[in-house]
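> A single structure is presented below for examination.
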Amino acid sequence: MGPQLKLFIAVCGIYATFLTWSLAQEPLTTSVWPNSAARFSHSSFIVLCQALTAAVVGLFYLKAQRSDYGVREFMRRHWTDVAGISLTQALSAPAANHSLQYVDYVGYMLAKSCKLLPIMLVHVLVYRTPIGRDKALVGVLVSGGVALFTLGGGDRKQGEASLYGLGMLMVSLFLDGLTNASQDRLLRRPASKKITGAHLMVALNAAIVLWNLAYLVLLDRSQWQGSLQQLHADPAILTYLLTYCACGALGQCFVFFTLEHYSSLVLATVTVTRKMVSMLLSIVVYGHSVRLVQWLGILVVFGGITWETVKKGQRSSVQKPKQH
């Protein structure tokens with residue numbers, strides 16, 4: 001099988017799994033369920049189920065690779081990295097899910113599309129590295145577009161709630177930036193045995209399970225009990241939850257495959273376009289009302305992201321060594 005066909009299959013896999021994932025996530029987290037008369041807002045429980053499913057699927061993915069580097073050995077050698085990366089992931093996902101109580105799903109997807117923002121924040125605030133003028137301009141455009149969309153959709157009271165939700169999203173994005181930067185450093189670190197995306201998928205999701213179990217058992221037992229009670233009262237929630245978990249786990253396999261065999265630019269392009277389609281699907285399928293000023297915000301965000309993607313591709317072409 002040629003590399004182009006493999007990439008085509010990977011892209012189709014990312015689209016199929018994550019478009020279905022997003023269509024399941026929105027009603028799962030934002031609907032008011034009839035019997036319990038409440039939203040399923042148990043963020044840590046949802047993350048726990050997602051991570052457990054992804055860890056199991058990741059084991060099969062790693063086994064299919066026939067790697068001689070076992071998960072236990074990997075975790076023993078890199079337990080500090082795994083603990084740190086999984087902690088930022090474990091904190092990011094509940095913050096993002098919690099924000100859905102205050103912003104609509106289209107705004108959520110728009111903000112989560114802005115991978116450049118957390119990367120810039122991490123480099124400036126954590127690593128103290130300067131950023132180029134082009135990236136700074138894109139950062140301003142993207143930030144302005146997200147704010148324009150989020151705050152341009154309702155009255156003052158709704159705007160205040162949206163502002164809080166946007167703040168939670170920014171926290172989640174910053175944690176995503178820490179996660180991505182740490183993953184890149186770990187994958188590129190010289191090692192006696194090759195670290196693959198499958199190793200990260202299994203180890204990180206297993207650690208996220210432990211983090212969330214500890215939180216639910218030690219600090220928030222009411223969320224655990226509330227989750228089970230609501231699932232019992234509204235069994236339909238389970239269908240959306242299982243779909244969300246299964247699609248997320250399978251999607252991670254395609255993401256890590258693309259990251260290993262192709263460039264991060266390819267993955268970023270696929271991810272951004274997929275999220276754009278997810279937003280449009282959400283508007284069409286669930287009948288969201290989008291104001292003109294919000295459409296302007298969407299155009300500003302994706303215009304900025306597209307410009308950055310094109311610039312990055314041009315820089316990559318220039319930096320490639322010439323073949324003699």
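Every number here is computed from the coordinates shown, using simple stated rules; none is lab data. Small disclaimer: the values here were computed from a predicted structure and weren't measured. When we count neighbours, we look across all protein chains shown, and the Cβ atoms used for this are built from the backbone with ideal geometry, even at glycine.
> Suppose R0 equals 22 Å; then what is the FRET efficiency for VAL140 and LEU299 from their Cβ-Cβ distance, rounded to the nearest 0.05?
So the FRET efficiency works out to roughly 0.90.
> Can you list the residues of region 171-198 with backbone N under 17 Å from a point 7 Å past the Cα of ASP220, pointing along Cα to Cβ?
Backbone N within reach: 171-173, 175-176.
> Work out, step by step, the length gained on full extension between LYS194 and ALA147: first 0.36 nm times the residue separation, then minus their alpha carbon distance; give nm to one decimal.
12.7 nm
> Which of rounded, prolate or oblate describes region 1-147 when judged by the alpha-carbon gyration tensor and an a/c cut-off of 1.5?
On the way: a/c = 1.43, a/b = 1.08, b/c = 1.32.
It comes out rounded by the Cα gyration axes.
> Out of residues 5 or more away from ALA38 or on other chains, whose amide H comes under 5 Å of its own, with H placed 1.01 Å from N in the peptide plane?
TRP33
> Let me ask something additional. Output the pairs from LYS6/LYS63; LYS6/LYS112; LYS135/LYS193; LYS112/LYS193 with a Cα-Cα distance over 25 Å in this structure; if there are none, say none.
On the way: LYS6/LYS63 19 Å; LYS6/LYS112 27 Å; LYS135/LYS193 35 Å; LYS112/LYS193 33 Å.
Result: LYS6/LYS112; LYS135/LYS193; LYS112/LYS193 exceed 25 Å.
> Moving to a separate point now. Starting from the 7 Å offset along Cα-to-Cβ, what nm value, one decimal, do you get for the label separation of ALA83 and ALA16?
4.0
> Let me ask another. Among LEU216, LEU28, LEU166, which one moves the most in a GNM of the chain with springs linking Cα atoms closer than 10 Å?
With Cα springs under 10 Å in the chain, the top fluctuation among LEU216, LEU28, LEU166 is at LEU216.
> Kindly give the semi-axes, whole Å and largest first, of the ellipsoid equivalent to the chain, taking each as the square root of 5 times a Cα gyration tensor eigenvalue. Write out the running numbers ahead of the final one.
Working: eigenvalues 179, 147, 71 Å².
Here the semi-axes work out to 30, 27, 19 Å.
> Another question, then. So if we plug the beta-carbon distance of TYR262 and TRP307 into 1/(1 + (r/R0)^6) with R0 = 22 Å, what FRET efficiency do we get, rounded to 0.05?
Once rounded, the FRET efficiency stands at 0.55.
> Also, quick follow-up: Would you mind telling me which residue in PRO94, PRO190, PRO27 has the biggest mean-square fluctuation in a Gaussian network model of the chain, where springs connect alpha carbons within a distance under 10 angstrom?
Evaluated over the chain, the most mobile residue of the options is PRO190.
> Taking 0.36 nm per residue of sequence separation and subtracting the Cα-Cα distance, how much length would be gained by fully extending the chain between ARG185 and ASN35, in nm to one decimal?
Contour length minus Cα-Cα distance gives 49.3 nm.
> Hey, rough spin-label estimate for ALA233 and LEU125, points 7 angstrom out along Cα→Cβ, what's it come to in nanometres?
Going by the 7 Å Cα→Cβ label model, 3.6 nm.
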